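A quick write-up on the structure given underneath.
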Amino acid sequence: MGGKINKEWHAAHKMPKNPSMDQRISWHLEHAKNCDCRNIEGKLAEEMKKRGIKF
Ligand SMILES: [Zn+2]
């Protein structure tokens with residue numbers, strides 16, 4: 001569960017308030033490239049699989 005957090009990346013990339021699914025997906029894709037603090041899982045992972053997005 002979770003690895004190292006990239007605090008600088010997080011400070012520069014806040015998740016919008018009440019994000020749409022599209023916003024969440026793009027945030028998490030960028031996040032996965034830059035930070036290791038959390039995994040893509042649950043509903044978000046399902047939605048990305050449905051859309052054929054690899055992560
Ligand atoms: Zn992170």
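At-a-glance table
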| quantity | calculated |
| --- | --- |
| The chain, dipole about Cα centre (Lys/Arg Cβ +1, Asp/Glu Cβ -1), debye to the nearest 20 | 60 debye |
| Highest-first arrangement of 39-48, 12-21, 25-34, where packing means the average Cβ count within 10 Å | 25-34, 39-48, 12-21 |
| Computed label-point distance, nm, for sites Lys54 and Leu29 using a 7 Å Cα→Cβ extension | 1.3 nm |
| Full-stretch length increase - Glu41, His10 - with 0.36 nm per residue and alpha-carbon distance subtracted | 9.3 nm |
| Long-range HN-HN contacts of Cys37 with modeled amide H, under 5 Å | Gly3, Asn6 |
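Values in this text are rule-based calculations from the coordinates and carry no lab data. Please read these numbers as outputs of a predicted model, since none were measured by experiment. Here Cβ is always computed from backbone atoms with ideal geometry, including for glycine, and neighbour counts include all displayed protein chains.
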